[in-house]
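Here is the structure we will look at.
The values are calculated or read from the model by the stated rules, or taken from the named source; none is laboratory data. Note that this is a predicted model, so its numbers are computed, not measured. We place every Cβ from the backbone using ideal geometry, glycine too, and count neighbours over all the protein chains shown. Side chains are part of the model used for accessible areas, which takes the heavy atoms of the whole protein and leaves out ligands, DNA and RNA. Shrake-Rupley method; radii C 1.70, N 1.55, O 1.52, S 1.80 Å.
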Amino acid sequence: MAEPSSSFKPVKPKLKPKPRTPKQTPESKYWSSFKTHQIPNLISSVTSLTFSPTTPHPFAATYSTSLTLFSPQTLSPSSTISSFSDVVSSASFRCDGLLIAASDLSGLIKIFDVKTRTPLRKLRSHTRPVRFVKYPVHDKLHLVSGGDDALVKYWDVATETPILELQGHKDYVRSGDFSPVSHELCVTGSYDHTVKLWDVRVADSKSVLEVNHGKPVEDVIFLPSGGLVATAGGNSVKIWDLIGGGRLVFSMESHTKTVTSICVGRAGKESGEEGRENRVLSVGLDGYMKVFDYGRMKITHSMRFPAPLMSIGFSPDCGMRVIGSSNGVLYVGKKKTKEENVESGVRSFWSLGQEERRVMRPSYFRYFQRGQGEKPKEGDYVVMRPKKLKLAEHDKLLKKFRHKEALVSVLDGKNPENVVAVMEELVARRKLLKCVENLDNEELGLLLMFLHKYTTVPRYSGLLMGLTKKVLEMRIEDIRGSEALKDQIRNLKRSVEEEIRIQHSLQEIQGIISPLLRIAGRR
């Protein structure tokens, strides 16, 4: 009886492959629902972004020497203020949204009327560039600023004077924020790695509390409770408990490069404030935007952009987030409201048939028969017809291979560069000597006159000296038979002899100077 075959092997059951992309969480879906629009061509890096606290919440972007206000509905610039002498570093709306303060790197702070763009106040006390300016949440009369002079100043806007000069930082002060629950408390961050809490009611100008971030601080904000502060510096965002004496709550180190800006955003239900939860949004030079849930101490969403990111802002109505990049592009994420969705749905339903008839696709014959009156659409390229070059007379003659006529034409023009260019072209075609041979006495006189003027010019002498020799050899009989041509030759001889005399004099001077230069070099 044959033994059973031992080649049988157990077969593993086929399992369903795991999806490459993990399933999106509800919060990731919420942040992904912001439809991104690009606003390009802002010239340079966007240094700061801020939203107006009043409806409809327009936002301001600072870049180069300009401050531009954008409409939240159309995302187009509503007004631009360009009366700055240096790069604008920061901007802040007043609590009623009627005024906006802006600082620049010349050390000046200006207050503008938002509607008329009229400059109302100029605050001048900082001796170095001002890096941030901030209005309190519930105060219309004061603001705080900080700059590269390592000073923090608390201003009375009406009188244009600093009430307090808060000293304590040892390096550039880069950022600051007011408490959302008290307009007497503000916090500032510096490149000396420290974050200081100030009480403007304290007369001795000393900080109430100090924490050490461990890296140069790029941005600092109060969280909505007023008891926590978020700081950004290096590749980390840290949460500090001010009520607990400056205790470090958590350090988020998800970025791979420097975190440049942070803000507070809210996520949750579509309607109602009670369903929303606060998040810290951060951007960095690695091109990432991170959403940090500081309640559960974890990253809940991440998004990549194609450039280093410099600033971020989130609208008070939770309908828009704006990110500014280093190449002057704004990435605006806008969330559609229910009303907009209904309106767009109704509009698309009624205009569906009309749009299909109106849109021309590249596969249609009519697409290629569009006239000049057709407006270009996004993605179209305008192909310009090349302008016809207007050729000179000698160029036209050269194209027709009428070499002698081309030479005579350019000699009449009396432009030495054109004459030499035509001669070099004729040399390349091996037709120059033949043209010289066929010239009549009048045309030969023109050539000799040109040689007399420009043979000794260093730029042209390399070609014209050899040509002069050939002309004399080939047309010696014609020159002997014409008094006019003899005069031209005499003039040419005198100019050559004068040039030789000048060269001898220069050589004698060189012989005198050379030993003196050697002696001076030894010393």
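Things worth noting here:
- Residue match in the stretch 125-147 (condition: in a loop (DSSP other than H, G, I, E, B), modelled with pLDDT under 90, open to solvent by less than 30 Å² (accessible area, probe 1.4 Å) and in the same structural domain as Thr50 (by the TED database)): yes
This table checks each residue for (1) surrounded by fewer than 17 Cβ atoms within 10 Å (Cβ to Cβ); (2) at pLDDT 85 or above.
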| residue | (1), (2) |
| --- | --- |
| Pro4 | yes, no |
| Phe8 | yes, no |
| Lys12 | yes, no |
| Lys18 | yes, no |
| Thr25 | yes, no |
| Thr55 | yes, yes |
| Pro58 | no, yes |
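- Contact map, the stretch 123-152: residues that are at positive phi paired with residues that are part of a strand (DSSP E or B), Cβ distance under 8 Å, separation 6+ or inter-chain. Pairs shown: Ala150/Val173; Ala150/Ser190.
- Selection within the stretch 313-335 - assigned to a loop (DSSP other than H, G, I, E, B), at negative phi and either without any contact (Cβ under 8 Å) to a residue 60 or more places away in the chain or open to solvent by less than 10 Å² (accessible area, probe 1.4 Å) (or both): Ser315
- Filter result for the condition that a residue is touching a helix residue (DSSP H, G or I) at 6+ places or on another chain (Cβ under 9 Å) and surrounded by fewer than 13 Cβ atoms within 10 Å (Cβ to Cβ), over Gly462, Gly466, Gly481, Gly511: Gly481
- Taking the stretch 196-239 as the range and being of a type in the set (A, V, I, L, M) and open to solvent by 10 Å² or more (accessible area, probe 1.4 Å) as the test, the residues that pass are Leu197, Val200, Val202, Ala203, Val208, Leu209, Val211, Ile221, Leu228.
- Close pairs from the stretch 283-312: first assigned by the TED database to the domain that holds Pro224, partner of a type in the set (Asp, Glu), Cβ under 7 Å, at least 6 apart: Gly295/Glu277; Thr300/Glu27; Thr300/Asp293; His301/Glu27
- The one condition in (1) under 19 Å from Ser225 (Cα atoms); (2) within 32 Å of the chain's Cα centre (by Cα); (3) of a type in the set (Val, Ile, Thr) that Val137 fails to fulfil: (2)
- The set of residues from the stretch 31-44 being out of contact with any His (no Cβ under 6 Å at 6 or more places or on another chain) and surrounded by 20 or more Cβ atoms within 10 Å (Cβ to Cβ) comprises just one member, Leu42.
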